[in-house]
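Please read the structure below before turning to the comments.
The values are calculated or read from the model by the stated rules, or taken from the named source; none is laboratory data. Just so you know, these numbers come straight off a predicted model, no measurement behind them. When we count neighbours, we look across all protein chains shown, and the Cβ atoms used for this are built from the backbone with ideal geometry, even at glycine. Note: accessible area is taken over every heavy atom of the protein model, side chains too, but ligands, DNA and RNA are not part of it. Shrake-Rupley method; radii C 1.70, N 1.55, O 1.52, S 1.80 Å.
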Amino acid sequence: MRGVLGKSRKMICSLLSQAPVSPAYYYRSSPSIYKPKPSNRFSWGFLAPIPSPAIRVFCSKPGEVGGLMASSVQNQGSISYLTQREAAEVDETLMGPLGFSVDQLMELAGLSVATSINEVYKPSEYNRVLAICGPGNNGGDGLVAARHLYHFGYKPFVCYPKRTQKPLYSGLVTQLESLSIPFLSVDELPMDLSKDFDILVDAMFGFSFHGAPRPPFDDLIKKLINLHYYEQAQRKPPVIVSVDIPSGWHVEEGDVGGDGIKPDMLVSLTAPKLCAKKFSGPHHFLGGRFVPPAIAEKYKLQLPQYPGISMCVRIGKPPQIDISSLRENYISPEFLEEQVEADPLDQFRKWFDDAMAANLKEPNAMALSTTGKDGKPSSRMVLLKGVDKDGFVWFTNYESQKARQLSENPHAALLFYWDGLNRQVRVEGSVEKVSDEESEQYFHSRPRGSQLGAIVSKQSTVVPGRHVLHQQYKELEEKYSKESLIPKPKYWGGYRLKPERFEFWQGQPSRLHDRLEYSPQETDGKRVWKIVRLAP
């Protein structure tokens, strides 16, 4: 959506540049960077304003149906792809009757770019980012993205050779300078960008661009293109992330000559442009979570749902990746023997509190592993519902597979994994049922729907279909509609694991992880915990 940032209020063809002038429409990007290129099609230079009737025929293609979006909704993935004219008209609606301002959309677009980068390229391995920003709103997106990447833990640098002296852009520069983010001139950039940067953000030109770029952007684009040859020479180049349109591509036909920038990631904004169909990189994201239903219906936009509270969503299938190449280089504080609690339960509470403070999703989720008399292990995720000096408590169906295995072998292992903190805790020990009173008390503390669900579910047994569960649930709702207390089923209750071994794991660089094991031993007739370090 480079129009989203008002890259130009109306996109106009040079074919129409001799039309009568109207001051209401003008080309908003800096004209000095463009070098008009003779063509049988149309080229961009300094374009005169044109009246709105001419806008309606802008960039029509042979055979194109007259209505807006007629050529945009594609079968592949049911995603809409916008022509140049369509993108401009969508932006006109956003910034007209829908009341969005350029700075609002720029902020949302830049945030979308930063979150897309963070989805794939984590700062622990891709830390040094160079944002190459053009003079228009696409460049503004890059400036906003650099600010957010700084707060996400990256080390951004900015190359902004043709600054726009408008308050919006000056303010963005001031914000970056206040964070001590370095600005590099073109002359200060190394010849080989692969030595100093892990990520290159291509925010030079948006969908309003057409033609050949003038200096210094022509050389900057060549630098990005040349990185492809480093890869052929088996040198690892930095990844390229293009904002909305790979700079230099035709907005509808893509990389026409086949020798343009080949980004690893494309972050489309509002909706992907037609050129995105020619994108062959591994990561295509859609950003700009601001399209209201009214505009989606008006322009028949078909867009994917954004997950949760995310500002970006992946378009298409994830890339086929060599699983053996997947790895994370953990960056964590040292976990030393002299720093830990003497009692492993105290150490567990300390780490659990850290997981809660980090706002991790379900920090009480734990993998429970059990074995029956046949010795075959099985694991599943359950939720910790209590921990005290006597052990770790969870609740389940006493007729489930895990319950049958625990009746045959009352020993189990728990595993907590807190990804956001690079930590895991293993706990092993014997298992026993909690008292009926404890199970009863917890059962009635649950939401009413969860109580009914526990009665309906004969856990681990075969069900004819989901409709059966819903029907039984509905019948129970009616049965207990006038009852304040739902009786706990006899086949439902809690277990407590009494720990006999703990291991606290903290991820570290180069796989030199910290592993501290607690095991009980008798000292002077007292049970104490011995702490030893295990090899990673």
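Observations on the model:
- Neighbour cut-off at most 14 other Cβ (10 Å), DSSP loop, GluC sites (Glu not before Pro), region 99-153: E125
- Amide H contacts of K273: L82, each under 5 Å away and 5 or more positions distant or on a separate chain (H built 1.01 Å from N in the peptide plane; Pro and chain starts excluded).
- Potential extension, R527-R214 segment - 0.36 nm per residue separation minus Cα distance: 105.0 nm
- Proximal charge balance of L336 [Cβ under 13 Å; K/R count +1, D/E count -1]: -3
- With 26 Å as the limit on Cα-Cα distance, the pairs of K458/K482; K222/K300; K162/K277; K350/K389; K373/K530; K155/K195 that go past it are K222/K300; K162/K277; K373/K530.
- Each Cα pair under 8 Å and six or more residues apart adds its sequence gap; the mean of these over the residue count of region 381-485 is a relative contact order of 20 percent.
- Trypsin sites (Lys or Arg not before Pro) restricted to DSSP loop in region 389-421 with at most 14 other C-beta within 10 Å: K389
- Of the listed residues R515, R496, R527, R349, the order by accessible area with a 1.4 Å probe, largest first, is R527, R349, R515, R496.
- Probe 1.4 Å, accessible area per residue of region 338-533, Å²: 57
- Loop-located trypsin sites (Lys or Arg not before Pro) in region 441-492, at most 16 other Cβ atoms within 10 Å (DSSP): K458, K482, K490
- Accessible area (Å², 1.4 Å probe, nearest 10) - I315: 20
- Unit charges at the beta carbon, dipole of region 338-533: most positive-side option, Q471, P499, L368: Q471
- Given their separation in residues at 0.36 nm each and the Cα-Cα distance between them, S484 and K498 gain 1.5 nm when the chain is fully extended.
- Only the Cβ atoms of Lys and Arg (+1) and of Asp and Glu (-1) were treated as charged; on that basis the dipole of region 338-533 about its Cα centre amounts to roughly 640 debye.
- Label zone at R327, where the point sits 7 Å out along the Cα-to-Cβ direction: region 500-536 residues whose backbone N lies under 17 Å: 507-514, 536
- Distance between the modelled labels on D259 and K166, one decimal in nanometres: 3.4 nm (7 Å Cα→Cβ projection).
- Computed accessible area, S124, all protein chains, 1.4 angstrom probe, square angstrom: 40
- Ranked from largest to smallest solvent-accessible area, with a 1.4 Å probe on the protein heavy atoms, D264, D192 come out as D264, D192.
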